[in-house]
Structure formats: structure tokens, C-alpha cells
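The values are calculated or read from the model by the stated rules, or taken from the named source; none is laboratory data. Small disclaimer: the values here were computed from a predicted structure and weren't measured. Cβ placement follows ideal geometry from the backbone for every residue including glycine, while neighbour counts extend to all protein chains displayed.
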């Protein structure tokens, strides 16, 4: 019984968590906004976001989310809001004193992947989908150990 | 592997023929005796009474035969072991290298850095190695993400590229030509499309090639190319790609300084033609699903400009 | 019953040690778990051989609690042995007492073990050293807890019944397993607490 | 037929009876049927892969699915088919061959079956939910680690390992205790059938090899779930640690699939040569030597991972020397046939294929054991060919032979010889067509685990051929299933010992009664049924004096098999099943949160305790017949 219950749970969770959407479906080609919601439940999207976070050197200012020149992303204090839209706006349009605009420099789907990952840093993402530790120096609890706040 | 173009591969090939011969001998030997047994032993249909003679008296003949057979196969086995040791030693010492290349495996492409005593002379290329014929080349193998394995059958055996470790492999090409290699350790979604080409050329040609590679990218020749460069630098491309001599310095994807001089795109996935390049820029995920390059939808005139510029990167 | 039959009705219904099936089952388990310990220690030494400094960036574990546990474990072998003897003599009253004492020792050990985790000077996720140390210690703790629980169940059984002779064998085999828990702790203790103190 | 014994040893009827069954024959058959189910499933996955590879640049299945396909195929074949099917054979046959009423720990055997079943089901449920593992059956880190395998796919793989290893280890312990303590009086070690020897050796290998992979996969789950650093080079971990632990298990694994195959060979060949096995002592020593050597060559899977030269030389030698014990056995079989009278029935045909297929696979094995050759052949289709020649030739062909051989014992009916021979030839030809070309593909440079290949490399033709071979194999499997169905429906009951074999399992009814033997036999020879006539008529030939109202069995000494004591055996119980469910909850739960290990261990503890807790009624019965030592 409990097994069955658990499997049902997996059934609900499994599919959207594990889907690996490589190509942007034409339906979303105009705006990916409707698609981002799944990102926070999709392991692949968030791990891509984590990779891009490193590749685009977000660490340069946000130091692994701990903060540095730029504000920390792991804290609960959000100067410009913590909704996916806010974060998307921060990335694409930039923010005063320092945060540059990346519009036109990173693809939209990548931006939404980053949004989902940034939110996972403060535990907003589904825990069974959030990234585990990276093969890098220990920066504190991995995203999938940070308590979920939604 | 059966067409060796260098000493490493050649030694392995010799060992291969020896091993094959001995194994075939043993194989057919066993089949022969098995067949003889089937042929000479009397047949029966159904459960005939068992023959218990062997319990009362020892079977000298068969025992001797088995002993001889075991001894013979053991002997041949030792021949193989020794041959293998000898070949292994030979592979180990290739003499001092004339050229050092640092080869890094990424998901899913190869990054090659040509070292030189004078740092200004080092240069980077991707998914293609050019080496001078008859010179010993030392490869320093590194991995950026997961384990890959370097394998160019015509030139040498495999060597794994393991994160956190550095391996070295020295090889030599004795014949000019282009040899295909492919990642041989499963490395994820696009393991199948992670090839590289090794082109062996006479020393002088190689020197010409290397000199050309050291140059930074040519200035845009016309307005269209200038527009292309602008798109490249201010668009998504520069986030990951580098073109020497321009502000584009991304290290996450192949260095495109001399893109037009290469034979293939996307680690041996496509031949390097204008059409394929266009298709690749617009929809890489359709061609190589899971690759880290995003789709870059853009208006035709922009695409033409970008292509014009990239095509000029000889 | 014709003249070609062999009557075994005179044979006993249970016997101790390697005569009993239980013993072989237990030995099998001990082999498996011993192998697991051996391999985790091998992994520890392998990781050590791969890095310049050891332990990685933290002082070696403090000796107090771990060493204390060695003492308690060695001491626990006395009541354990006594219980085993009682079992082999079929002395049920003594078995009851013995099982209770062994269980009490077990609780003491688990309590100290909890403190031990605090003295490792590292977390399981601080680096590979922390990971392997926590793994080995946790692995041994699981065996500790299992056998303590096993002892408890037997103790309850011996106070409430129903009892038959082969339960004595179970007590003896439980004691045997306890020896394994003790003996396996010695090398693990040396690896966790003293290998980091070796000049590498 | 002894109704009292039948009543005492039968599993209860009905649904609850189904879940509390502990009869080794019932459990054994469940193992066999389940394993065959997984065999078919993995075969279908392979067929899908062959379809994808039949043409270059094929887009039938994308890379993501393809990687799941070959991972599932490998994992299923190794962990859910090959090992369990052999253990199923052992669990069913050993007590019958040894002249015993049961396996040593019947409830534990039932438990291990349920664990195996649940582990397998979990993996396939995951696969159909797109959580199928995709990092290969070997799950090399860092690819299988937290950074490069997001989601839970690899965790389900690792937990499948935990399930199947737990079940495998328990079954191994049961086999060892059964073989060493439950042999009929007089069956000294020197009189044990080679089948029993092989199963014993296999069980010991499992005991020492499987903990390695359990340790490795636990560390992997910890890395992924709680952020430990076992395999993280940046924090002092090492990717090669995984390879060592995995192959320390992974290579012996091949041998505990292969050695049971030898067990079938050594049973079938003497029977169908109508004479005792030639060179019994050499055979036994060869088995033991194989087992020891098997632990000395795991590194030959890692030659390309740049290890110290000397080490590699050692492992090359070991890898090649292991061919010698196998050679000894092959020559002994040939000698047996040479001096025998051959009866070429279907089981014998499947055994003869061994000489063709396994020998070829063994020789290619010697090739890849040589470091320089391995540099070229490693991870190419040459190795794919090699391993299928070894595993199918060494295990699956003999297994089919064994199936045809013991089917009458399982069911009391024969399988059709005609269909059997058809199936054999289809399977044999299909196999060669499917796998022989892979040697050449490998030599031409085609690597393993690629979901597609370019058209211009000349790999198309051989790949297409290989795919056609797969179709032939599939047809032979259909024929096999049809043969079994027809036999169950149509075939007339067969005599107790249709093959006129010499070992004890044929000394009782087919199918056997719940209690196996009316009276425990006394053994004086390696082939008791053949040599019965040679026995002195004065000596006792069966045992009396065992209780019949209570499950009582005779325990003998480990070496000489002298009567030692009369042990009472447990009755059927549903608690092994419930415990298995509880353990499953724990394992699956711990994929998602480490705390599952804590809260789920409570139901496990309760279930296991109730499993062991003696029932008052039974105790009274036992006390009634108890004799203290």
C-alpha cells in the first residue's frame, strides 16, 4: 500500500522533474514566460542554469550566491524582488549600481534556466529537482539540501 | 586500427596479428577435438545404461591427452603474455617529444592548446589537431567535466581524460593524411558526436599552418563582415566563443579565430560549409540535441552578415 | 522400517557452534559485513594516498570518546562471554541476566558513539576525508545498533517466552555476532583515530 | 506419496498462502519466471537499440532515450536476469540434488525473492516514468555524479543495485549453509555433484564481491543526496575510486554468471554421454582456481585510465591465466564425450554450442586482457561482441540447455524435441549473425554506447546485418515460449527420470512433492542413481526417525556429511513479504530524503521482529519432540 502510494507520488513528480527539453517548442518560441514555471520543477533546466551561472561568471560578483561585489542570492533579502519575473528582469535589463543587462547576450531559455537556478539557491525550487553539490570546492549546503520555502 | 599510420598503432597491430594467429589455432584445435569426439563416439537415442567402467579403472589415455592439451595451451598463453609485455614496454618509451599539445575534453568537443617555449607563440584550436609527419607529439590530456577518452585508431590506443588528473600520450604519424578519432568513454547525451580529426602534414606545411593559426583574426573586409563581427561580439556568441583580436574571449566553447580553416563543425558533426554553418547557428539542438549551444534565431540579413564574417576567418 | 534404514531419532534437536545452521548463516553475514568494513578502510587509505595532506585541512579526531568506546567494548566481552557460556549450558536464568547486561553495555556504547561523531572535527560534506570517516563510523554504528536491538528482542523473548532449546543457540550466535562487532571496531578505531596522526 | 509429510511441508493455499510461501521449489520457480520476464524486457530494449543502429544517422530514438535504453539493458541483464536466474536454479535444485527437504533458511529465501522482485519493478516503473537511469550500467562518476546527472535517474539505478545485491547476498548465504549442512548422509564433499560445487563456489564469490558495489553505490547516493565528496576531485575525492570499487565487484560478477553455466555443462554432458564426468578432481580444483583468480583482474577494465605499468602487467598475467582452469574443464568435457555414448538431445545441443561460442569469447577475452591490444579494443564494439560471446555462450546457451533438461523435473512433462532443435538453431544462427559482425565494427573503430554514427565510415552494412540477427534471435525466443506453453497444455506426463540421469534430484517424483523425498537417501557415490547396483546390499540406504507432523530435517556435518542433529524448520509466514515491503519503502524513500533511513527503519524493525518471534503453538510442537544435546 505505502509502496503504491509512494509510486503514485513518484508518478506525479517523476515526469516533469526528469523531462529534458533540448529544443524550444515552437509554441513558446515567441515568449518562454509560460514555460519557466516548469523550470523550478525540472532538474535538467536547473542544472543547466547552474552551469551557466558558472560559465557567465555570475560568481564574479555574487560569489556562489554568497554575495560579494553584488548582493548575496542565498539570503532571503531581495532588493529587486524574488519572483521569477523580477529575477528575469534583473538579468535581462540589469539593475542600478553594477548589475549589467544581458538582453541579447544570453538566449531567453538560458535566462529562464538561470532564473530557476537562482531561486533554487534560496530553496524556492522543488528539493528533489534542485541541483546537488558540484564537482567543485565546497560552498555550503548544496541547493537540494536548502529548505523549501514554497 | 587495422591500418596503422604510426609506430604506436603499428606495434599494436603486430601484436594483434600474432595474438589472432595463436587464438585461431587454439579455437580450431578445440573445435577439431570436439568434432572428433562427436564423430567417433557411438551414438544412442534415449537413456542407454550408463557406462561405469571409468570408475573401476583409470583412463590413462584421455588423462595424458588432457594433460598435453592443457600444457600446450598454457605454453601458448605464456607466449602471448610475454609478447604483450614487450609491446607494452615499447609503447611506453617514444623518446623526447618535438611538440607538446594540451588537449582538453569538454562535453562535447575537444580543445587543443599548442604550447611553445615562447608564450606569445601558443595558440588554441578545436576539434582538429595538425601534427608534423615523423615528429613525436606529446599530448597532455585533461578533462573539464566528465571522463572522456582520446582515441585515434590509426595512430595510437586510447587514453582516458579524467577530471582532476593529467595523462600524457605520445604518438607519431609516419604518413601524411587525415585520421579520424572519437571520444571512447561514454560522456553523456552527445557522446556519439564528439569526434576529432588529426591531420599529419610535412614539417614545412605544418609550420605554415601553425604560423597562420598564431595570427589573430583578420579585420572585417567590408561593411557586411563588420556587421557580422558586431553581431558576434554583442550577441550571444561572445558569451562562450573567443575570436582572437576581437573583444570576444569566451572560453566555454571552441575558439573560432580560424573557423573557416577547419573541415568540420560541432566536433565532426557537420562538414564546414556555409549552409551547414547557417543551420548550426539557427538550430544546434535540432542537429546535436543536448549540446550546450542555444538556438540563435535572427533575421536573414543578420545571418548573412554573421556568416560572411565567419566564412572570412581563414 | 526395513533392514536398510538408518534411524536418526536419537539425535539431538539442536547443537551449538559450527554444528548449527544458525552459525553458518551468522558467519555468512559476518563475512559480508567484514568485507564491507575492509573495503571502506581500503577506500579510506586510497583517498589518503591520493592527497598531499591528511586529514584534509582539519585536526585529527579527538581521542577521548573513541578510546573510551574501545574500553567499553573490550569490557563488554566479559558479560558477552558469560552469556554465551550460559547459553551453551542451557542455563536460562543466567541467559536472562546476561542479555540484560549486554543490552545495557550496548546502550552505553551507542551513547558514547553519539558523542564520538561530535569529536571528528569535520562534517560529512566538508571534504572527502569527512565523507569517508563519517561513512566508516556510521557503518559500524549500524552494526552496533542492530546487535543491541537483537539482544533486546532476545531478552524480551527470554522473559516472556515461549522458549525452546534452539533459542539458546540464538543467544549463543547473538554473542558470536557481538564478538564481530568488537573485533571489527579495533582496526576501525586505529584507522579513524591513529592513521591521521601518522606522518604522511 | 506420504500425505502426512505432504500436509506438513506444503505452503498454505489461497492469497495469503501465496504471499507466505517458503517452499524452495515455489521460490525457485518464481525466481526463474521473474528472471525470464526481465530477460525478455531487456531483450526488447536491445531490439530497439538494434533498430536505431540499423541505419546511420537514424532518428528513431533520440540520444536521451538511447542512453536510458542501453543502461537499462545492461543493468537488467546483469543484476535482474543473469545472477537471479542462476540463484533461482540453485534454490530449486540444490535441496533435491543434496537429498534434503528444504533450503537452509526458507523464510530468508522468500524474503530475498521479494526484495529482488521489488527492486526490479522499481527500476522499470522509474523507466516508464522517464526516470530511467542513463549513465550506463557501470555509472562512472563524475558523469553519474550530482553535477552531470541531474534528477533522480541515477539514484534509482543505485538503489536497484542495493536491492539486487541485498537479495543476492542473502541467497548466497542460504546456498552456502544448504550445501554445507543439509547434504544427505554419506554425500562427502568429494561426492558432491559438480553442479553443487559450482553453486557453492559462486555463492562464496558473491559473498566477497557484492559488498564492493553496495559500498560504491551508497557513496554515490550520498554524493548526490547529502553532498558528500567521495568522488569530487576538488575536495580530495577521486573518480578512479569508483572504478576500483565497481570493477572489484564487476569482474567477479562475470564469473558468478559464468560458473553456474559450467555447472549446467558438467551436469548435462555426463548425462548425455552416458558416463560419469571425466576428471572430477581436476574440475573441482579448476572451479576453485577460477574463483580465486577472478578477484585478481578487475583492473583490466581500467587499462586506459593510466595506472602504473607494473600493476598493469600483473593484471594482464592474471587475466590471461584465468583461461587455464577453463581450458582444463573444456578438455575434461571433450574427454567425457570422447569416451562416452552420445545422445544428442536438445539440452546437449545447447551445451555443445558452448564449445563454439564461449571458446571464441574466451579467446577474444585473452586479446583484450593484453594491455596494448586493450588500448585499441577497449570500449569498442569488439568488446560488445566479446562480452556477449562470453555471457551468452558461457551462461545463456547452457541455461537453455538446463531449462530443457530440468523442465520435466519442474513440470512432470517434456518439452518438444522438434521445437527445441528449431529454437536451438535459430538462436545459434541469430546469435552469430547479430554479434560476430561487431568484432569487425570494433576493429574498424566503432565505439560503444553511441546512439548513432555517420554514414561515410562504412559501418552501415555490418550494423544492418547485426540488426537482422537480432530479429532471428527474437523469433527463436517466441519459439521457446511457444514450446513451454504447448508442453504445459498438451504434453503427456513423463517418467520420473526421463534422461536416465545419475544425480539425486531424479530419485523423486517429477514434479517433486512438497517434502521432496519420502525418505532421506543415504549416498555412497557421485552418481547415486547410476551406481545404486554397485552398493553393498547390507548397508542402510535411507534415513528414518524424522518427525513427520513437524517440519524436521536432518542436519549433517560440513565435510563428511555424517548425521549431526535434527533441526526443526520454520513454517510458512507472511512476514518475510511484509518485511520486504518495509525495506522497499526504506530504500525508495532514501532516494528522496536521508531521513527515510531513520523513520522507515521502524517498520522494518517491527516486521523483522514479528518474522522471528516464535509462535506458541509451534513451540509446543517443537518441545514435544525436542531432544537436548
Checklist entry - Do the conditions hold for residue D:434, that is, is it closer than 30 Å to residue B:179 by Cα and part of a helix (DSSP H, G or I)? => result yes
Next on the checklist: Need the failing condition index for residue D:595 against (1) free of Cβ contacts under 8 Å to residues at least 12 places away in the same chain; (2) touching a helix residue (DSSP H, G or I) at 6+ places or on another chain (Cβ under 7 Å), just the number.
Outcome noted: (2)
Next on the checklist: I'd like to verify a number: residues in segment C:144-171 that are within 12 Å of another protein chain (Cβ to nearest Cβ) and part of a helix (DSSP H, G or I), how many?
Outcome noted: 18
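Looking at D:519, D:507, can you tell me which residue is in contact (Cβ under 8 Å) with a residue 12 or more places away in the chain and more than 29 Å from the chain's Cα centre (by Cα)? Steps first, answer last, please.
Working: D:507 fails: more than 29 Å from the chain's Cα centre (by Cα).
Result of the check over D:519, D:507: D:519.
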Next on the checklist: Suppose the filter is modelled with pLDDT under 90 and either within 10 Å of the chain's Cα centre (by Cα) or not in a loop (DSSP other than H, G, I, E, B) (or both); does residue A:85 pass it?
Outcome noted: yes
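Pull up segment D:131-148, narrow it to residues that are at the interface with chain A (Cβ under 10 Å from one of its Cβ atoms) and without any contact (Cβ under 8 Å) to a residue 24 or more places away in the chain, then point me to the one that is surrounded by the fewest Cβ atoms within 10 Å (Cβ to Cβ). Working first, answer last.
Within segment D:131-148, the subset at the interface with chain A (Cβ under 10 Å from one of its Cβ atoms) is D:131-132, D:134, D:141-142, D:145-148.
Checking the rest, the ones that are also without any contact (Cβ under 8 Å) to a residue 24 or more places away in the chain come to D:147-148.
Working: D:147: 23, D:148: 20.
In this case the residue turns out to be D:148.
Could we say that residue D:264 is part of a loop (DSSP other than H, G, I, E, B), in the same structural domain as residue D:392 (by TED's automatic domain parsing) and surrounded by 24 or more Cβ atoms within 10 Å (Cβ to Cβ) here?
On the way: part of a loop (DSSP other than H, G, I, E, B): no; in the same structural domain as residue D:392 (by TED's automatic domain parsing): yes; surrounded by 24 or more Cβ atoms within 10 Å (Cβ to Cβ): yes.
It is false that residue D:264 is part of a loop (DSSP other than H, G, I, E, B), in the same structural domain as residue D:392 (by TED's automatic domain parsing) and surrounded by 24 or more Cβ atoms within 10 Å (Cβ to Cβ).
I'd like to check something: does segment B:255-271 contain any residue that is more than 27 Å from the chain's Cα centre (by Cα) and crowded, with 17+ Cβ neighbours inside 10 Å?
First pass over segment B:255-271, keeping only residues more than 27 Å from the chain's Cα centre (by Cα): none.
No; the residues of segment B:255-271 include none that is more than 27 Å from the chain's Cα centre (by Cα) and crowded, with 17+ Cβ neighbours inside 10 Å.
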Checklist entry - Failed condition for residue D:452, given (1) more than 26 Å from the chain's Cα centre (by Cα); (2) within 14 Å of chain B (Cβ to nearest Cβ); (3) surrounded by fewer than 23 Cβ atoms within 10 Å (Cβ to Cβ); (4) part of a helix (DSSP H, G or I), with all others met? => result (4)
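Within segment D:518-560, work out how many residues are at negative phi and in a loop (DSSP other than H, G, I, E, B).
First, pick out the residues of segment D:518-560 that are at negative phi: D:518-544, D:546-560.
Filter once more, so that each one left must be in a loop (DSSP other than H, G, I, E, B): D:518-520, D:522-527, D:535-541, D:546-551, D:557-560.
Residues in segment D:518-560 being at negative phi and in a loop (DSSP other than H, G, I, E, B): 26 in total.
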Next on the checklist: Just to be sure I understand the filter: pairs with C-beta atoms under 7 Å, separated by 6 or more residues or on different chains, first member in segment D:107-128 and within 13 Å of chain A (Cβ to nearest Cβ), second member crowded, with 21+ Cβ neighbours inside 10 Å and not in a helix (DSSP H, G or I). Which pairs pass?
Outcome noted: D:126/D:132
Checklist entry - Would a scan of segment A:62-75 turn up a residue that is assigned to a helix (DSSP H, G or I), touching a helix residue (DSSP H, G or I) at 6+ places or on another chain (Cβ under 6 Å) and modelled with pLDDT of 90 or more? => result no
Checklist entry - Is it the case that residue C:115 is at pLDDT 95 or above and under 30 Å from residue A:137 (Cα atoms)? => result no
Next on the checklist: Here's a check for you: in segment B:148-161, which residue that is assigned to a loop (DSSP other than H, G, I, E, B) and in contact with a strand residue (DSSP E or B) (Cβ under 6 Å, 6 or more places away or on another chain) is nearest to the other protein chains (Cβ to nearest Cβ)?
Outcome noted: B:158
Next on the checklist: Which numbered condition in (1) more than 9 Å from every other protein chain (Cβ to nearest Cβ); (2) touching a residue at least 24 places away in the same chain (Cβ under 8 Å) is the only one that residue B:84 fails?
Outcome noted: (1)
Item to check | Residues that are more than 10 Å from chain C (Cβ to nearest Cβ) and touching a residue at least 40 places away in the same chain (Cβ under 8 Å), drawn from segment D:522-549 | outcome: D:523, D:524, D:525, D:526, D:527, D:530, D:548, D:549
Checklist entry - Out of curiosity, is residue D:183 touching a helix residue (DSSP H, G or I) at 6+ places or on another chain (Cβ under 6 Å) and in contact (Cβ under 8 Å) with a residue 24 or more places away in the chain? => result yes
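Here is a yes/no grid of residues against (1) assigned to a helix (DSSP H, G or I); (2) within 7 Å of another protein chain (Cβ to nearest Cβ); (3) in contact (Cβ under 8 Å) with a residue 12 or more places away in the chain:
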| position | (1), (2), (3) |
| --- | --- |
| C:12 | no, yes, no |
| C:26 | yes, no, yes |
| C:30 | yes, no, yes |
| C:33 | yes, no, yes |
| C:40 | yes, yes, yes |
| C:43 | yes, yes, yes |
| C:57 | no, no, yes |
Checklist entry - With D:363, D:352 as the choices, which residue is at the interface with chain B (Cβ under 10 Å from one of its Cβ atoms), closer than 30 Å to residue B:148 by Cα and part of a helix (DSSP H, G or I)? => result D:363
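Residues are listed down the side, and each one gets a yes or a no for (1) farther than 30 Å from residue C:134 by Cα; (2) buried (at least 24 other Cβ atoms within 10 Å of the Cβ); (3) more than 9 Å from chain C (Cβ to nearest Cβ); (4) over 23 Å from the mean Cα position of the chain (by Cα):
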residue: D:184; (1), (2), (3), (4): yes, yes, yes, yes
residue: D:187; (1), (2), (3), (4): yes, yes, yes, yes
residue: D:190; (1), (2), (3), (4): yes, no, yes, yes
residue: D:203; (1), (2), (3), (4): yes, yes, no, no
residue: D:211; (1), (2), (3), (4): no, yes, no, no
residue: D:216; (1), (2), (3), (4): no, yes, no, no
residue: D:220; (1), (2), (3), (4): no, yes, yes, yes
residue: D:223; (1), (2), (3), (4): no, yes, no, yes
residue: D:228; (1), (2), (3), (4): no, yes, no, yes
Item to check | Some residue of segment D:309-322 being facing chain B (nearest Cβ under 10 Å), modelled with pLDDT of 85 or more and under 30 Å from residue B:40 (Cα atoms) | outcome: no
Checklist outcome for this item: Of the residues in segment A:112-150, those that are touching a residue at least 60 places away in the same chain (Cβ under 8 Å) and either assigned to a helix (DSSP H, G or I) or touching a strand residue (DSSP E or B) at 6+ places or on another chain (Cβ under 8 Å) (or both) come to A:112, A:113, A:114, A:115, A:116, A:117, A:118, A:119, A:120, A:143
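Among the residues of segment B:1-34, what is the count of those that are more than 9 Å from chain D (Cβ to nearest Cβ) and within 20 Å of residue D:354 (Cβ to Cβ)? Step through it out loud before you land on a result.
Step one: list which residues in segment B:1-34 are more than 9 Å from chain D (Cβ to nearest Cβ), which gives B:3-7, B:10, B:14, B:17-18, B:21, B:25, B:28-29, B:32.
Remaining after also requiring within 20 Å of residue D:354 (Cβ to Cβ): B:25, B:28-29, B:32.
Final tally of qualifying residues: 4.
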Next on the checklist: I need the full set of residues from segment B:223-281 which are closer than 30 Å to residue D:57 by Cβ, touching a strand residue (DSSP E or B) at 6+ places or on another chain (Cβ under 9 Å) and free of Cβ contacts under 8 Å to residues at least 40 places away in the same chain, in order please.
Outcome noted: B:241, B:250, B:265, B:270, B:271, B:272, B:273, B:276, B:277, B:279, B:280
Checklist outcome for this item: Of the residues in segment C:113-143 that are free of Cβ contacts under 8 Å to residues at least 40 places away in the same chain and at the interface with another protein chain (Cβ under 7 Å from one of its Cβ atoms), the one that is farthest from residue C:38 (Cα to Cα) is C:125
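Tell me the residue from B:116, B:124 that is more than 14 Å from chain D (Cβ to nearest Cβ), in contact with a strand residue (DSSP E or B) (Cβ under 9 Å, 6 or more places away or on another chain) and either in a loop (DSSP other than H, G, I, E, B) or modelled with pLDDT of 95 or more (or both), please. It would help to see each step written out before you state the result.
Values: B:124 fails: either in a loop (DSSP other than H, G, I, E, B) or modelled with pLDDT of 95 or more (or both).
The match here is B:116.
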